[in-house]
1. Determine whether Ser155 is of a type in the set (Ser, Thr, Tyr) and open to solvent by 20 Å² or more (accessible area, probe 1.4 Å).
2. Mind listing whichever residues of the stretch 94-117 are within 22 Å of the chain's Cα centre (by Cα), assigned to a helix (DSSP H, G or I) and within 22 Å of Gln348 (Cα to Cα)?
3. Can you tell me which residue in the stretch 250-274 is surrounded by the fewest Cβ atoms within 10 Å (Cβ to Cβ), limited to those that are modelled with pLDDT of 90 or more and farther than 16 Å from Gly186 by Cα?
4. Just to check your reading of the model, which residue among Leu95, Leu136, Leu123 is open to solvent by less than 30 Å² (accessible area, probe 1.4 Å), of a type in the set (A, V, I, L, M) and within 23 Å of Phe50 (Cβ to Cβ)?
5. Could you pull out every one of the helices (runs of 4 or more DSSP H) wholly within the stretch 260-325 that has 1 or more residues that are of a type outside the set (Phe, Trp, Tyr) and touching a Leu at 6+ places or on another chain (Cβ under 7 Å)?
6. Report the residue count in the stretch 206-259 for those that are assigned to a helix (DSSP H, G or I), over 30 Å from Pro109 (Cα atoms) and touching a residue at least 24 places away in the same chain (Cβ under 8 Å).
7. Just to check your reading of the model, which residue among Ser230, Ser236 is crowded, with 16+ Cβ neighbours inside 10 Å, small (Gly, Ala, Ser) and touching a Phe, Trp or Tyr at 6+ places or on another chain (Cβ under 9 Å)?
8. Name every residue in the stretch 10-44 that is in contact (Cβ under 8 Å) with a residue 40 or more places away in the chain and of a type in the set (A, V, I, L, M, F, W, C), in order of residue number.
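The values are calculated or read from the model by the stated rules, or taken from the named source; none is laboratory data. None of the values given here were measured: they were computed from a predicted structure. Every residue, glycine as well, gets a Cβ built from its backbone with ideal geometry; the counts of neighbours run over all protein chains shown. Remember, those area values only see protein heavy atoms, side chains included, never the ligands or the DNA or RNA. Shrake-Rupley method; radii C 1.70, N 1.55, O 1.52, S 1.80 Å.
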Amino acid sequence: MLIDAPKGLKDVVVTTTLIGDVNGAAGYYHYREHDAIELARTRSFEDVWFLFAEGRLPDAAESELFARRTAELRELPDGIAAVLPAIAQAGVTPLAGLRTALSLLPSQPMWDAPMAARRADALRVCAVTPTILAALHRLKLGLEPVHPRVELSTSANWLYMLTGQEPSTWTSRAVEQYLIATIDHGFNASTFTARVVASSGADVVSAVTAAIGTFSGPLHGGAPDRALESLDLIGSPDNIDAWVREQIEQGNRIMGFGHAVYRTEDPRARLLREIALERPTPLTEFATTVERRVTELLAELKPGRQLYANVEFYAGVVMEQCGIPRDMFTPTFACSRVIGWCANALEQSEDTKIIRPIARYTGPQPLIK
(Lines give C-alpha, C1' and ligand atoms only; values in the text may rest on other atoms or scores of the structure.)
Protein backbone atom coordinates (compact mmCIF):
# COMPACT_ATOMS: atom_id res chain seq x y z
CA MET A 1 0.00 0.00 0.00
CA LEU A 2 1.39 3.40 -1.01
CA ILE A 3 1.40 6.21 1.56
CA ASP A 4 1.17 9.72 0.17
CA ALA A 5 3.29 12.17 2.19
CA PRO A 6 2.59 15.92 2.18
CA LYS A 7 4.74 18.19 0.07
CA GLY A 8 8.11 18.83 1.65
CA LEU A 9 7.47 15.91 4.03
CA LYS A 10 5.88 18.47 6.36
CA ASP A 11 5.18 16.96 9.80
CA VAL A 12 6.31 13.51 8.67
CA VAL A 13 8.44 11.75 11.30
CA VAL A 14 11.16 9.83 9.46
CA THR A 15 13.36 8.60 12.33
CA THR A 16 14.33 9.19 15.94
CA THR A 17 17.25 11.30 17.17
CA LEU A 18 19.09 12.08 20.39
CA ILE A 19 20.74 15.20 18.97
CA GLY A 20 18.09 17.86 19.49
CA ASP A 21 14.66 19.15 18.52
CA VAL A 22 12.72 22.26 17.55
CA ASN A 23 9.37 23.21 19.11
CA GLY A 24 7.98 25.61 16.55
CA ALA A 25 4.78 26.37 18.45
CA ALA A 26 6.67 27.36 21.61
CA GLY A 27 9.53 29.12 19.81
CA TYR A 28 12.16 26.91 21.41
CA TYR A 29 14.91 24.54 20.32
CA HIS A 30 17.49 22.49 22.16
CA TYR A 31 20.67 20.47 21.76
CA ARG A 32 20.27 17.24 23.72
CA GLU A 33 18.64 18.41 26.96
CA HIS A 34 20.11 21.91 26.81
CA ASP A 35 18.37 25.10 25.65
CA ALA A 36 20.38 26.10 22.56
CA ILE A 37 20.04 29.83 23.19
CA GLU A 38 21.14 29.44 26.81
CA LEU A 39 24.20 27.55 25.58
CA ALA A 40 24.95 30.44 23.23
CA ARG A 41 24.72 32.87 26.14
CA THR A 42 26.82 30.89 28.62
CA ARG A 43 29.16 28.44 26.85
CA SER A 44 32.02 28.49 24.38
CA PHE A 45 31.67 27.17 20.86
CA GLU A 46 34.15 24.39 21.65
CA ASP A 47 32.04 23.26 24.64
CA VAL A 48 28.96 22.95 22.47
CA TRP A 49 30.97 21.17 19.76
CA PHE A 50 32.03 18.72 22.49
CA LEU A 51 28.34 18.22 23.34
CA PHE A 52 27.64 17.21 19.75
CA ALA A 53 30.68 14.95 19.58
CA GLU A 54 30.36 13.28 22.99
CA GLY A 55 26.71 13.67 23.92
CA ARG A 56 27.39 15.72 27.07
CA LEU A 57 28.97 18.99 28.10
CA PRO A 58 32.62 18.88 29.14
CA ASP A 59 34.16 19.67 32.48
CA ALA A 60 36.90 22.31 32.61
CA ALA A 61 39.76 19.92 31.85
CA GLU A 62 37.88 18.24 29.00
CA SER A 63 36.96 21.63 27.58
CA GLU A 64 40.57 22.76 27.44
CA LEU A 65 41.77 19.47 25.96
CA PHE A 66 39.04 19.39 23.30
CA ALA A 67 39.68 23.00 22.27
CA ARG A 68 43.36 22.22 21.84
CA ARG A 69 42.70 18.97 19.97
CA THR A 70 40.31 20.53 17.45
CA ALA A 71 42.56 23.57 16.98
CA GLU A 72 45.42 21.27 16.00
CA LEU A 73 43.23 19.76 13.26
CA ARG A 74 42.74 23.10 11.48
CA GLU A 75 45.81 22.90 9.25
CA LEU A 76 45.08 21.66 5.73
CA PRO A 77 46.73 18.59 4.21
CA ASP A 78 49.25 19.59 1.55
CA GLY A 79 47.12 18.05 -1.21
CA ILE A 80 44.14 20.28 -0.43
CA ALA A 81 46.20 23.43 0.11
CA ALA A 82 47.85 22.91 -3.28
CA VAL A 83 44.56 22.95 -5.24
CA LEU A 84 42.92 25.90 -3.49
CA PRO A 85 44.40 28.56 -5.80
CA ALA A 86 42.92 26.83 -8.85
CA ILE A 87 39.53 26.47 -7.14
CA ALA A 88 39.55 30.13 -6.13
CA GLN A 89 40.37 31.20 -9.69
CA ALA A 90 37.56 29.07 -11.15
CA GLY A 91 35.00 31.70 -10.22
CA VAL A 92 32.76 29.40 -8.16
CA THR A 93 30.96 30.37 -4.96
CA PRO A 94 32.68 29.75 -1.63
CA LEU A 95 30.38 26.83 -0.84
CA ALA A 96 31.01 25.25 -4.23
CA GLY A 97 34.72 25.63 -3.62
CA LEU A 98 34.35 24.07 -0.18
CA ARG A 99 32.53 21.09 -1.72
CA THR A 100 35.35 20.56 -4.18
CA ALA A 101 38.16 20.92 -1.64
CA LEU A 102 36.55 18.74 1.02
CA SER A 103 36.16 15.96 -1.54
CA LEU A 104 39.94 15.56 -1.42
CA LEU A 105 39.95 14.91 2.33
CA PRO A 106 40.47 11.19 3.07
CA SER A 107 37.43 9.64 4.76
CA GLN A 108 36.45 5.99 5.22
CA PRO A 109 33.03 4.59 4.27
CA MET A 110 31.06 4.57 7.51
CA TRP A 111 29.66 1.13 6.72
CA ASP A 112 33.11 -0.44 7.19
CA ALA A 113 34.74 1.93 9.68
CA PRO A 114 34.58 1.59 13.47
CA MET A 115 32.80 4.43 15.24
CA ALA A 116 36.09 5.85 16.54
CA ALA A 117 37.31 6.27 12.95
CA ARG A 118 34.00 7.85 11.86
CA ARG A 119 34.20 10.34 14.72
CA ALA A 120 37.81 11.17 13.90
CA ASP A 121 36.84 11.86 10.28
CA ALA A 122 33.99 14.08 11.48
CA LEU A 123 36.26 16.14 13.75
CA ARG A 124 38.73 16.69 10.91
CA VAL A 125 35.98 17.77 8.49
CA CYS A 126 34.60 20.28 11.02
CA ALA A 127 38.04 21.63 11.88
CA VAL A 128 39.24 22.23 8.31
CA THR A 129 36.00 23.69 6.94
CA PRO A 130 36.70 27.26 8.22
CA THR A 131 40.32 27.01 7.04
CA ILE A 132 39.27 26.07 3.51
CA LEU A 133 36.60 28.76 3.30
CA ALA A 134 38.84 31.53 4.61
CA ALA A 135 41.70 30.52 2.30
CA LEU A 136 39.42 30.47 -0.75
CA HIS A 137 38.09 33.92 0.16
CA ARG A 138 41.55 35.45 0.43
CA LEU A 139 42.89 33.71 -2.67
CA LYS A 140 39.95 35.03 -4.68
CA LEU A 141 40.96 38.55 -3.59
CA GLY A 142 44.57 37.94 -4.60
CA LEU A 143 45.74 37.63 -0.99
CA GLU A 144 47.75 34.89 0.65
CA PRO A 145 45.82 32.53 2.97
CA VAL A 146 46.33 33.14 6.69
CA HIS A 147 47.34 30.03 8.61
CA PRO A 148 45.19 29.12 11.60
CA ARG A 149 46.44 29.78 15.13
CA VAL A 150 45.93 27.08 17.74
CA GLU A 151 45.76 29.56 20.64
CA LEU A 152 42.69 31.30 19.20
CA SER A 153 39.12 30.13 19.71
CA THR A 154 37.17 28.85 16.73
CA SER A 155 35.35 32.15 16.24
CA ALA A 156 38.43 34.34 16.76
CA ASN A 157 40.45 32.12 14.44
CA TRP A 158 37.75 32.33 11.75
CA LEU A 159 37.82 36.12 11.81
CA TYR A 160 41.62 36.15 11.94
CA MET A 161 41.90 33.86 8.90
CA LEU A 162 39.43 36.03 6.97
CA THR A 163 41.00 39.40 7.73
CA GLY A 164 44.54 38.73 8.88
CA GLN A 165 43.78 40.75 12.02
CA GLU A 166 43.04 39.36 15.47
CA PRO A 167 39.46 40.42 16.28
CA SER A 168 38.24 42.33 19.32
CA THR A 169 36.78 40.41 22.24
CA TRP A 170 33.27 41.68 21.47
CA THR A 171 33.46 40.78 17.79
CA SER A 172 34.78 37.30 18.50
CA ARG A 173 32.11 36.64 21.11
CA ALA A 174 29.32 37.96 18.88
CA VAL A 175 30.33 35.60 16.10
CA GLU A 176 30.78 32.77 18.60
CA GLN A 177 27.24 33.17 19.90
CA TYR A 178 25.94 33.16 16.33
CA LEU A 179 27.90 29.99 15.57
CA ILE A 180 26.61 28.21 18.67
CA ALA A 181 23.02 29.14 17.87
CA THR A 182 23.26 27.72 14.33
CA ILE A 183 25.06 24.38 14.84
CA ASP A 184 21.86 22.40 14.43
CA HIS A 185 18.17 23.02 13.94
CA GLY A 186 16.08 19.89 13.61
CA PHE A 187 15.59 17.96 10.39
CA ASN A 188 16.19 20.86 8.03
CA ALA A 189 16.83 20.09 4.36
CA SER A 190 20.64 19.92 4.54
CA THR A 191 20.63 17.80 7.70
CA PHE A 192 18.19 15.38 6.10
CA THR A 193 20.42 15.25 3.03
CA ALA A 194 23.42 14.33 5.19
CA ARG A 195 21.44 11.54 6.80
CA VAL A 196 20.25 10.16 3.47
CA VAL A 197 23.85 9.90 2.28
CA ALA A 198 24.98 8.39 5.58
CA SER A 199 22.23 5.77 5.36
CA SER A 200 23.94 4.38 2.26
CA GLY A 201 27.08 3.63 4.28
CA ALA A 202 29.06 6.39 2.53
CA ASP A 203 31.87 8.33 4.19
CA VAL A 204 31.48 11.44 6.34
CA VAL A 205 32.91 13.73 3.66
CA SER A 206 30.30 12.57 1.14
CA ALA A 207 27.51 13.24 3.62
CA VAL A 208 28.84 16.75 4.31
CA THR A 209 29.46 17.71 0.67
CA ALA A 210 25.93 16.64 -0.22
CA ALA A 211 24.57 18.70 2.67
CA ILE A 212 26.56 21.71 1.48
CA GLY A 213 24.86 21.49 -1.91
CA THR A 214 21.44 21.62 -0.26
CA PHE A 215 22.55 24.33 2.16
CA SER A 216 23.67 26.62 -0.65
CA GLY A 217 20.10 27.22 -1.80
CA PRO A 218 18.59 30.67 -1.15
CA LEU A 219 15.63 29.06 0.65
CA HIS A 220 18.02 27.48 3.15
CA GLY A 221 21.48 28.68 4.20
CA GLY A 222 21.86 31.15 1.35
CA ALA A 223 19.61 33.81 2.87
CA PRO A 224 21.58 36.07 5.30
CA ASP A 225 23.12 38.24 2.58
CA ARG A 226 19.80 38.39 0.73
CA ALA A 227 18.06 39.64 3.86
CA LEU A 228 20.61 42.44 4.14
CA GLU A 229 20.14 43.23 0.46
CA SER A 230 16.46 43.80 1.24
CA LEU A 231 17.48 46.51 3.73
CA ASP A 232 19.59 48.09 0.99
CA LEU A 233 16.67 48.04 -1.43
CA ILE A 234 14.30 49.59 1.10
CA GLY A 235 16.84 52.32 1.75
CA SER A 236 14.93 54.42 4.30
CA PRO A 237 11.99 54.04 6.71
CA ASP A 238 9.77 56.03 4.33
CA ASN A 239 10.07 53.27 1.70
CA ILE A 240 9.21 50.27 3.88
CA ASP A 241 5.47 50.13 3.20
CA ALA A 242 5.69 50.60 -0.55
CA TRP A 243 8.52 48.09 -0.93
CA VAL A 244 6.81 45.38 1.13
CA ARG A 245 3.45 45.84 -0.59
CA GLU A 246 5.12 45.63 -3.99
CA GLN A 247 6.90 42.40 -3.04
CA ILE A 248 3.67 40.84 -1.78
CA GLU A 249 1.73 41.92 -4.88
CA GLN A 250 4.40 40.34 -7.09
CA GLY A 251 4.31 37.11 -5.10
CA ASN A 252 7.89 37.53 -3.87
CA ARG A 253 9.11 36.22 -0.55
CA ILE A 254 10.37 38.77 2.00
CA MET A 255 13.81 37.35 2.72
CA GLY A 256 14.56 37.17 6.45
CA PHE A 257 10.92 36.70 7.46
CA GLY A 258 8.90 33.56 8.06
CA HIS A 259 10.08 30.07 8.96
CA ALA A 260 9.02 26.55 8.04
CA VAL A 261 8.70 25.54 11.69
CA TYR A 262 8.33 28.56 13.97
CA ARG A 263 4.91 30.05 14.58
CA THR A 264 6.38 32.52 17.05
CA GLU A 265 9.44 34.74 17.00
CA ASP A 266 12.55 32.79 15.99
CA PRO A 267 14.60 32.54 19.23
CA ARG A 268 17.80 32.86 17.20
CA ALA A 269 16.60 36.16 15.76
CA ARG A 270 15.87 37.40 19.28
CA LEU A 271 19.38 36.50 20.45
CA LEU A 272 21.03 38.11 17.44
CA ARG A 273 18.93 41.26 17.78
CA GLU A 274 20.17 41.59 21.36
CA ILE A 275 23.77 41.10 20.22
CA ALA A 276 23.39 43.67 17.44
CA LEU A 277 21.93 46.25 19.82
CA GLU A 278 24.89 45.90 22.20
CA ARG A 279 26.81 48.04 19.69
CA PRO A 280 24.15 50.28 18.11
CA THR A 281 24.85 51.58 14.61
CA PRO A 282 22.67 53.22 11.94
CA LEU A 283 22.28 49.71 10.45
CA THR A 284 20.95 48.19 13.68
CA GLU A 285 18.53 51.08 14.17
CA PHE A 286 17.25 50.75 10.62
CA ALA A 287 17.00 46.96 10.89
CA THR A 288 14.86 47.10 14.02
CA THR A 289 12.60 49.70 12.38
CA VAL A 290 12.22 47.54 9.28
CA GLU A 291 11.57 44.42 11.33
CA ARG A 292 8.84 46.09 13.35
CA ARG A 293 7.04 47.52 10.31
CA VAL A 294 7.43 44.46 8.07
CA THR A 295 5.98 42.28 10.84
CA GLU A 296 2.96 44.60 11.03
CA LEU A 297 2.50 44.63 7.26
CA LEU A 298 2.77 40.86 6.95
CA ALA A 299 0.13 40.46 9.65
CA GLU A 300 -2.11 42.78 7.62
CA LEU A 301 -1.40 41.38 4.16
CA LYS A 302 -1.09 37.71 5.11
CA PRO A 303 -3.49 37.29 8.03
CA GLY A 304 -3.12 34.09 10.03
CA ARG A 305 0.34 33.30 8.65
CA GLN A 306 2.33 34.32 11.79
CA LEU A 307 5.39 35.62 9.93
CA TYR A 308 8.22 37.03 12.02
CA ALA A 309 11.92 37.81 11.51
CA ASN A 310 13.98 34.64 11.25
CA VAL A 311 17.63 33.93 11.99
CA GLU A 312 18.82 35.21 8.61
CA PHE A 313 17.50 38.74 9.15
CA TYR A 314 19.67 39.60 12.15
CA ALA A 315 22.47 37.21 11.21
CA GLY A 316 23.28 39.51 8.33
CA VAL A 317 23.21 42.55 10.61
CA VAL A 318 25.56 41.00 13.19
CA MET A 319 27.99 39.71 10.59
CA GLU A 320 28.07 43.11 8.91
CA GLN A 321 28.87 44.67 12.29
CA CYS A 322 31.70 42.17 12.75
CA GLY A 323 33.30 43.02 9.41
CA ILE A 324 32.49 39.76 7.63
CA PRO A 325 32.09 40.30 3.85
CA ARG A 326 28.60 39.60 2.58
CA ASP A 327 29.69 36.78 0.31
CA MET A 328 31.03 35.06 3.44
CA PHE A 329 27.80 35.23 5.46
CA THR A 330 26.55 31.82 4.36
CA PRO A 331 30.05 30.27 4.61
CA THR A 332 30.18 31.52 8.23
CA PHE A 333 26.89 29.70 8.80
CA ALA A 334 28.45 26.58 7.27
CA CYS A 335 31.35 26.72 9.75
CA SER A 336 28.90 25.90 12.53
CA ARG A 337 26.31 23.78 10.72
CA VAL A 338 28.97 21.29 9.58
CA ILE A 339 29.09 20.08 13.20
CA GLY A 340 25.37 19.37 13.13
CA TRP A 341 25.65 17.60 9.79
CA CYS A 342 28.43 15.37 11.09
CA ALA A 343 26.57 14.53 14.31
CA ASN A 344 23.49 13.56 12.31
CA ALA A 345 25.52 11.55 9.79
CA LEU A 346 27.19 9.59 12.59
CA GLU A 347 23.87 8.93 14.30
CA GLN A 348 22.33 7.76 11.03
CA SER A 349 25.31 5.51 10.32
CA GLU A 350 24.32 3.32 13.26
CA ASP A 351 21.08 2.39 11.45
CA THR A 352 21.63 -0.29 8.82
CA LYS A 353 18.49 0.59 6.83
CA ILE A 354 19.04 2.77 3.75
CA ILE A 355 16.61 5.67 3.27
CA ARG A 356 14.74 4.80 0.10
CA PRO A 357 11.30 6.40 -0.42
CA ILE A 358 9.37 6.20 -3.70
CA ALA A 359 7.62 8.69 -5.96
CA ARG A 360 4.12 8.35 -7.38
CA TYR A 361 4.39 8.31 -11.19
CA THR A 362 1.98 10.78 -12.85
CA GLY A 363 3.36 10.84 -16.41
CA PRO A 364 1.94 9.23 -19.55
CA GLN A 365 1.26 5.51 -19.35
CA PRO A 366 4.05 3.30 -20.71
CA LEU A 367 3.63 1.84 -24.17
CA ILE A 368 3.56 -1.85 -23.35
CA LYS A 369 3.06 -4.25 -26.24
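1. Values: of a type in the set (Ser, Thr, Tyr): yes; open to solvent by 20 Å² or more (accessible area, probe 1.4 Å): no.
No; evaluated as a whole, the condition is false for this residue.
2. Residues satisfying the conditions are Arg99, Leu102.
3. Among those residues, the one meeting the criterion is Gln250.
4. On the way: Leu95 fails: within 23 Å of Phe50 (Cβ to Cβ); Leu136 fails: within 23 Å of Phe50 (Cβ to Cβ).
Result: Leu123 is the single residue among Leu95, Leu136, Leu123 that is open to solvent by less than 30 Å² (accessible area, probe 1.4 Å), of a type in the set (A, V, I, L, M) and within 23 Å of Phe50 (Cβ to Cβ).
5. Values: elements: 267-278, 282-301, 311-321.
Once the helices (runs of 4 or more DSSP H) in the stretch 260-325 are filtered for at least 1 residues that are of a type outside the set (Phe, Trp, Tyr) and touching a Leu at 6+ places or on another chain (Cβ under 7 Å), what remains is 282-301, 311-321.
6. Residues of the stretch 206-259 assigned to a helix (DSSP H, G or I): 206-215, 224-234, 237-249.
Going one step further and asking which of them are over 30 Å from Pro109 (Cα atoms), we end up with 224-234, 237-249.
Adding the requirement that they be touching a residue at least 24 places away in the same chain (Cβ under 8 Å) leaves 224-231, 234, 237, 240-241, 244-245, 248.
The number of residues fulfilling the criteria is 15.
7. Working: Ser236 fails: crowded, with 16+ Cβ neighbours inside 10 Å.
Unique residue meeting the criteria: Ser230.
8. Val14, Leu18, Ile19, Val22, Ala25, Ala26, Ala36, Ile37, Leu39, Ala40
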